[in-house]
Amino acid sequence: MKGGDSADLRRSLGHYARTSTGGSAVGPRRYGAVYSTGGELFEVLSSLGGDGREAESRGLSKASLTGQPLDVVCQRLAEALAPDNADADRIRVAIDEAMLEVLGEEEFDPTRLDDETVHRIIAEYLSQSVFQDIVEEVGGSWANSPDEKRSPEAENQLLELIRVVVEKRLGSSMAGSDNLNNDAVQRFMRDAVTEVWKEWESFDE
């Protein structure tokens, strides 16, 4: 943050992954609620893009969501899926950001939820979840910024570093798997975060 060098961010992430979180064998375990909600989000979005029965069983019927503003749909999804624990707010934000990033600000149209779009939302949801967690935990470091512009720049760099690994690992796993379900998506998400940690551990100290 002080120097504005991306190499500094990489070194900091290496230290964070190796030391602060206990490495790739331990760090990814902290996202259990993210994985379980992500599996459910996958099922609901896939259902909304299909026959809608699974979504309707959770009080999220296609008829009630079609044509609604996206922020209303995100709120409904978060209310139905976010856990009742300390991770709830972070997961709500991740759902909001993922849906907005992939679908834009148009009114909700479930016919847009083909397999590729759902996969992109899940990958972005996971990236946003990891990003939110790190910013909350080490956000005090942003105070070292020499000017107010560095905070959003550093956050953007961090989010992009997360996205690259998540999209490469999670995207290929989901695209290469037939008959995806909740359990498989959770497993793929856990594997993707483990890969994030392993890559960060390799960053120079």
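Before moving on, here are some points about what is shown:
- Solvent-accessible area per residue, Å², over the chain with all protein chains present [probe radius 1.4 Å]: 49 Å²
- Percent accessible area from carbon and sulfur atoms, region 22-119, protein chains only, probe 1.4 Å: 42 percent
- Taking Arg53, Arg169, Arg92 in turn, the Gaussian network model of the chain (Cα-Cα springs below 10 Å) assigns the largest fluctuation to Arg53.
- Relative contact order (%) - the chain, alpha-carbon pairs under 8 angstrom, separation at least six: 36 percent
- Once the chain from Thr19 to Asn85 is taken as fully extended at 0.36 nm per residue, the excess over their C-alpha distance is 21.2 nm.
- Between the helical axis of 150-175 and the longest alpha-carbon principal axis of the chain there is an angle of about 50 degrees.
- One decimal place: the segment Ala7-Gln75 gains 20.7 nm when fully extended, by the rule 0.36 nm per residue minus the C-alpha distance.
- Labels on offer are [x] 144; [y] 115; [z] 152, and the one holding volume of the Cα convex hull per residue in Å³ computed from this structure is [y].
- Between region 86-122 and region 151-205, the C-alpha centres lie 17 angstrom from each other.
- Cα gyration tensor of region 34-106 - equivalent ellipsoid semi-axes, whole Å, descending: 18, 15, 10
- Using 0.36 nm per residue and subtracting the Cα-Cα separation, the extra length available between Glu105 and Ala175 on full extension is 22.6 nm.
- Backbone N within region 29-49 under 19 Å of label point (7 Å from Ser57 Cα along the Cβ vector): 36-49
- Whole-Hz ³J(HN,Hα) from phi, Karplus 6.51 cos²θ - 1.76 cosθ + 1.60, for region 94-105, glycine and proline x: 4, 4, 4, 5, 5, 5, 5, 4, 8, 9, x, 9
The values are calculated or read from the model by the stated rules, or taken from the named source; none is laboratory data. Every value quoted in this text rests on a predicted model; they were computed, and no experiment measured them. For neighbour counting, all protein chains shown are included, and Cβ atoms are generated from backbone atoms with ideal geometry for every residue, glycine included. We work out accessible area using only protein heavy atoms, side chains counted, and drop any ligands, DNA or RNA first. Shrake-Rupley method; radii C 1.70, N 1.55, O 1.52, S 1.80 Å.
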